[in-house]
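The values are calculated or read from the model by the stated rules, or taken from the named source; none is laboratory data. All of these numbers come straight from a predicted model, not from anything done at the bench. Using ideal geometry, Cβ is built from the backbone for each residue, glycine included, and neighbour counts are taken over all protein chains shown.
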Amino acid sequence: MEQAPEEDFDLQALIDAHRRLAHSDGLFDRFIECICLAEKLKDRLGELTDRRIAELLEAVVCDNLQAFSPGIVICEHAAARLFRSPAGSFTEQGRQNAKEE
C-alpha cells in the first residue's frame, strides 16, 4: 500500500526540519529540538511499510553517503532486503521512482 501524498509531505517535512536543526548554531536548542523531532520521526517511520522504508533508505540515506564507502554498500543491501520482504513487494520501477524523488 502506497502512502498518501499528504502523509509523504508530513514525513518529508519532519526530515527537512531535522536536517535544518542538525546544522543550526544554538547547540542546546539544536540538541533538545533534534531529540523531539527524532521521536516524532521514529513514530512516523513505525507506521510505514517495508517498501516505503526501503525507498527512504535509498532517497534520504544512500544519496548522502560517499561513493565507494562501506556505508553505501550496507544501505543498498538493507534497502534491497526490505524491497524483497513480503511487505516490500520489490519492483524495479518502484526503485527507479524512489531514486528520482
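The table below lists the values:
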{"item": "Conditions (1) modelled with pLDDT under 85; (2) outside any loop (DSSP other than H, G, I, E, B); (3) surrounded by 12 or more Cβ atoms within 10 Å (Cβ to Cβ); number of the one not met by Ile74", "result": "(1)"}
{"item": "Hits in the range 32-52 - residues which are surrounded by 19 or more Cβ atoms within 10 Å (Cβ to Cβ) and touching a Leu at 6+ places or on another chain (Cβ under 6 Å)", "result": "none"}
